[in-house]
1. Taking the condition without any contact (Cβ under 8 Å) to a residue 60 or more places away in the chain, farther than 17 Å from residue 546 by Cα, of a type in the set (Gly, Ala, Ser) and buried (at least 16 other Cβ atoms within 10 Å of the Cβ), does residue 645 pass?
2. Is it true that some residue in segment 312-322 is of a type in the set (Ser, Thr, Tyr) and crowded, with 17+ Cβ neighbours inside 10 Å?
3. When segment 231-246 is examined, which residues are found to be of a type in the set (Asp, Glu) and surrounded by fewer than 17 Cβ atoms within 10 Å (Cβ to Cβ)?
4. Hey, could you check segment 204-243 for residues that are touching a residue at least 40 places away in the same chain (Cβ under 8 Å) and among the aromatic types (Phe, Trp, Tyr) and say which is farthest from residue 317 (Cα to Cα)?
5. Can you tell me how many residues within segment 439-453 are in contact with a Ser or Thr (Cβ under 9 Å, 6 or more places away or on another chain) and surrounded by 15 or more Cβ atoms within 10 Å (Cβ to Cβ)?
6. Filter segment 530-551 down to residues that are open to solvent by 20 Å² or more (accessible area, probe 1.4 Å) and part of a loop (DSSP other than H, G, I, E, B), then give me how many there are.
7. Is it the case that residue 303 is closer than 29 Å to residue 624 by Cβ, free of Cβ contacts under 8 Å to residues at least 60 places away in the same chain and under 26 Å from the mean Cα position of the chain (by Cα)?
8. Which numbered condition trips up residue 579, out of (1) in contact (Cβ under 8 Å) with a residue 60 or more places away in the chain; (2) open to solvent by 60 Å² or more (accessible area, probe 1.4 Å); (3) in contact with a Ser or Thr (Cβ under 8 Å, 6 or more places away or on another chain)?
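The values are calculated or read from the model by the stated rules, or taken from the named source; none is laboratory data. None of these values were measured; they are calculated from a predicted model. A quick note on method: Cβ atoms are made from the backbone with ideal geometry, for glycine too, and the neighbour counts reach across all protein chains shown. These area figures cover heavy atoms from the full protein model, side chains too; ligands, DNA and RNA do not enter into them. Shrake-Rupley method; radii C 1.70, N 1.55, O 1.52, S 1.80 Å.
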Amino acid sequence: MNHIYRILFSALLILKLCGPALAQSENDVFEIDDINIVFTGASSFEQETIRGIMALKEGDEFDFETFVQDIERVKKYYFDNGFFDIKVDTALSYDYRSFEVDETFTINEGSRYRINKLTLEGIEDVSGEISGKILQPGDRKVYEGGFYSRDTLKQEILRIVDVLQNNGYALAEGGSPEVLKIETNIPEMKNKVNINLPFITGLIYAFGTTKVNFRGEKYNITLNDITRELSYKQGQIYRKEEIVKSEINLSKMSILENPRINFADIDSANRIIDLKIDIYVSKKYELVPEIFTYYFRNYLYAGAGISLSDKNFFGGGRVLTTAVRGYYNSVENYRGEWINTLFQPFLFGNKNTSGSWNIGLKYISEEISATSTLTNLFSVSHELPSYTYLNRIVGSWETDYDNITLKEDLEEEDVKINSFSLNAINSTLSLGLIHNSVNNLQFPFKGNFQSYDFEDSGLMSGLLKKFINAYINSYFKVTTLASFYFNLSNREFQVPSALATKLYVGSIFEYGDNTFNFNGQEISGDRVPSDERFVCGGSSSVRGWGARQLGIVDDKDIGGNFLLESSVEHRIRPFLGASNIYFRDLGFASFVDIGNVWSEIQKFRISEIAVAAGAGIRYYTIIGAIRFDIGFKIYDPQPGPVGGSNWIFGSGANFRDKYNFQFGIGNTF
């Protein structure tokens, strides 16, 4: 009898769960109205995170089989994060008048399990040095006493395999982790697991010979052009990272398409691995149309152009490019340029050093003036090892010969300036020091970036002045930019939420003399060109103000010699799991910006730091984020008669002057 009761009870339970689905006719189609997430007890994850795991979304056509799969997806997500006692109850509520259905998931996550014991199996015979690298506290992803996470275990296995493969164990691999859930009544042992990570190390190998296979026309590419880019040598202990470095070096030769280094032969008896490089040589000449946006002094320009490249100019991977480009901001503000660039890899016989030479003509039109420029730029870049703080050092020498024309006569306060044409020389020496550990350009959520730039214009310009009567510049400029990125979610992939911060500081120090003869008169000119001064306000600056509308200076459009800016921005992508592919790349941001520009560093005042806050929408594309922001002037140090009040809600504030709309392409920083 009890057996019959159990059968009847099971049947009723199945009918209760499946009844609504069975009651539908074959042609009934229900749309999901709401997906409700209910937590009983603790909630370690946000409701949106849980909804993002599911295949069915609000607004989708309901499918019972997919609904059941979503239940398993939720359970698996919790299980993979250490909630081994997860329980998920569900309910469906049908509205037959509107043909809509509500889904309810009631989640009791239970306790999160910790790791009681972690065993690394198969690495007992590795040397003490390699074992020390594997167990290095700062590098480990998994610790005894830490929470269980399947993704973190995967990362730890990959990390250990990388250590082995970078120390001779070329064929090392990791197995599937073995997880043992401890069942006990001992309180201190409850909610714990023992984990065993198995590894197969294999033998220690050395690099053997490297064979190069060419496909396509070689265009005078020699074997030496390829082998000079290899960071390993025959007979050295095998290191996977040297293979990766060599592939990166080879990829810098633009004529080579996707070069890859693979195993050719494994000699286990002599413990040698021979390699092969499959080289596909692309076309030597390349004609490329260009469409782009660019920021000049906080103004956004749209541009188009065309470039022609010789990707193996006189051999050696040297690239010669000639390009014609136009930039447009408004009827008064536009630019054009013809630039020829010669790029030289493997400069001075060093695979980590490259150089370039740019020479060309530029034309710049602004509201009251126009500038024609003959420009010449030499630069050298040196890549540093990844374990050093600085990743790259860049040095350059740029000389511009300008012809500056005042478009029309100017009259201001009974002073008339007739239109004129003036020659100017600006020759600068620059040094840039760069650290970059940012993990992702499109949506960075880990790492940081710092740059330190030093620029001097007086030394070389002063030497040229001895031979040429011209307007010159004489200044020393220092800028530093620091940005940091933080993952605000518990995901390592497809991260939906990140915090970004920025600090940008710059100062210009004028020195020397800038007197020259103009129309028979000796004139003392400005020692800093207007396009080298700092400006503030705009879509990548303090966003409560328009471009070049902020500053404790005489002319905000020209700017000043000292700049301080800082920003905090929260970026989210809530629709990464959406079934509609167009919604997946949609994001939002909220931000706080502070900063200002002063005429000199000595005139800096904390009370004059402007504060803006706002929000915006993002659409992430392959060319970068397309941004629309609205920024509010929370605190305006110079409201003037139009703004009315320093604070946005202060007495007499004119709200119509307290906000700005901004558009941009690419992340703000």
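1. Numbers: without any contact (Cβ under 8 Å) to a residue 60 or more places away in the chain: yes; farther than 17 Å from residue 546 by Cα: yes; of a type in the set (Gly, Ala, Ser): yes; buried (at least 16 other Cβ atoms within 10 Å of the Cβ): yes.
So residue 645 fits the description; yes.
2. Just the residues of segment 312-322 that are of a type in the set (Ser, Thr, Tyr), to begin with: 321-322.
Now narrow it down to the ones that are crowded, with 17+ Cβ neighbours inside 10 Å: 321.
Yes: segment 312-322 contains one or more residues that are of a type in the set (Ser, Thr, Tyr) and crowded, with 17+ Cβ neighbours inside 10 Å.
3. Correct list: 241 only.
4. 205
5. Just the residues of segment 439-453 that are in contact with a Ser or Thr (Cβ under 9 Å, 6 or more places away or on another chain), to begin with: 442, 444-453.
Next, from what is left, pick out any that are surrounded by 15 or more Cβ atoms within 10 Å (Cβ to Cβ): 444-453.
Summing the residues that are in contact with a Ser or Thr (Cβ under 9 Å, 6 or more places away or on another chain) and surrounded by 15 or more Cβ atoms within 10 Å (Cβ to Cβ) in segment 439-453 gives 10.
6. Filtering segment 530-551 for residues open to solvent by 20 Å² or more (accessible area, probe 1.4 Å) gives 530-533, 540, 547, 549.
Filter again for part of a loop (DSSP other than H, G, I, E, B), leaving 533, 540, 547, 549.
So the count comes out to 4.
7. yes
8. (3) is the only condition that residue 579 fails.
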